[in-house]
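As structure tokens, the structure follows; a few thoughts come after it.
The values are calculated or read from the model by the stated rules, or taken from the named source; none is laboratory data. Bear in mind the structure is a predicted one, so any value in this text is a computation, not a measurement. No Cβ is skipped: glycine too gets one built from the backbone with ideal geometry, and neighbour counts run over all protein chains shown. The accessibility values were calculated without ligands, DNA or RNA, using every heavy atom of the protein model including side chains. Shrake-Rupley method; radii C 1.70, N 1.55, O 1.52, S 1.80 Å.
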Amino acid sequence: MLLTVDNLTKRYGERTVVDGVSVCLAPGVNALLGANGAGKTTLMRMLCGLIRATEGRILLDGAPVDTMSGAYTRLLGYLPQDFPIEPEFSARDFLLYMAALKGIRPEKAGTRADALLREVGLEGESMGKVKTFSGGMKRRLGIAQAMIGSPRILVLDEPTAGLDPRERVRFRELVMRCGQKSVVLISTHIVSDVEAIASRVVMMEKGRIMACGTIRELKEAYAGGNDDLETVYMNCCEGGGRR
């Protein structure tokens, strides 16, 4: 499976938020690294069909996704930055609700929900109401809902926001397992989140891709082989960078 972004552009009036982005995303963990305002969220929302591109195309194995109707969206799992959850839901009921929206049969939905609650460390809170959850617990529940349909394309926008160090380790292990079968795209502005799990890194600044490649390729190209991805990021984005 190959997800191809071809010259994708988004403008709001005279303001260009995403500027001619082209990149290929293969199975594995693909990290979108950039400061707040770099265009990461807009790019992800276009990939998930939530907003229309001004120009450019999104292709799945060479076919434009806008010709695939619901077949493309059924492959998607998405966690936005701000994810509203009905506060009166229990964690398990919320996942069952999301499973129903995905068309998952009830007899399978319960098993899948319970498995995901274990994966994100919420099995002991499965019947707790969301309104009692901390920010980190809500984020973990959001990650679980993104995975409820066993997506082939998993898009996670700032997934580690609000997670403590132990939860971050759990998240990394979960995402790496998912990346063995699926195209995973995570966005973050935290370099350490990327270095531990990403098979490929896309660095963005002001709506453009400044650099793209494996961590080793980026270090060799932008830091002389230096083992510091932070230096690569500074050279590519905050220092003007190179395409």
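So the values come out like this:
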{"quantity": "Residues that are touching a Gly at 6+ places or on another chain (Cβ under 9 Å) and either within 21 Å of V175 (Cα to Cα) or exposed (fewer than 15 other Cβ atoms within 10 Å of the Cβ) (or both), drawn from region 73-89", "calculated": "T73, R74, L75, L76, G77, L79, P80, F83"}
{"quantity": "Selection count where residues are closer than 21 Å to L3 by Cα and either exposed (fewer than 15 other Cβ atoms within 10 Å of the Cβ) or not charged (D, E, K, R) (or both), scope region 183-216", "calculated": "22"}
{"quantity": "Which listed residue is modelled with pLDDT of 85 or more and under 25 Å from I85 (Cβ atoms), from V183, V175, V201", "calculated": "V175"}
{"quantity": "Which numbered condition M46 misses (of (1) touching a residue at least 60 places away in the same chain (Cβ under 8 Å); (2) on the phi < 0 side of the Ramachandran plot; (3) open to solvent by less than 60 Å² (accessible area, probe 1.4 Å))", "calculated": "(1)"}
{"quantity": "Residue that is nearest to S150 (Cα to Cα) [pool: residues in region 182-236 that are in a loop (DSSP other than H, G, I, E, B) and among the β-branched types (V, I, T)]", "calculated": "I197"}
{"quantity": "Residue within region 21-30 that is assigned to a loop (DSSP other than H, G, I, E, B) and under 24 Å from N235 (Cβ atoms) present", "calculated": "no"}
{"quantity": "Among the residues listed as R112, R45, R57, the single one being part of a strand (DSSP E or B) and at pLDDT 95 or above", "calculated": "R57"}
{"quantity": "Total residues in region 119-149, condition exposed (fewer than 15 other Cβ atoms within 10 Å of the Cβ) and either at positive phi or in contact with a Pro (Cβ under 8 Å, 6 or more places away or on another chain) (or both)", "calculated": "1"}
{"quantity": "Condition met for G224 (more than 16 Å from the chain's Cα centre (by Cα) and over 16 Å from A31 (Cβ atoms))", "calculated": "yes"}
{"quantity": "Residue within region 56-70 that is open to solvent by 70 Å² or more (accessible area, probe 1.4 Å), closer than 21 Å to L156 by Cβ and touching a residue at least 40 places away in the same chain (Cβ under 8 Å) present", "calculated": "no"}
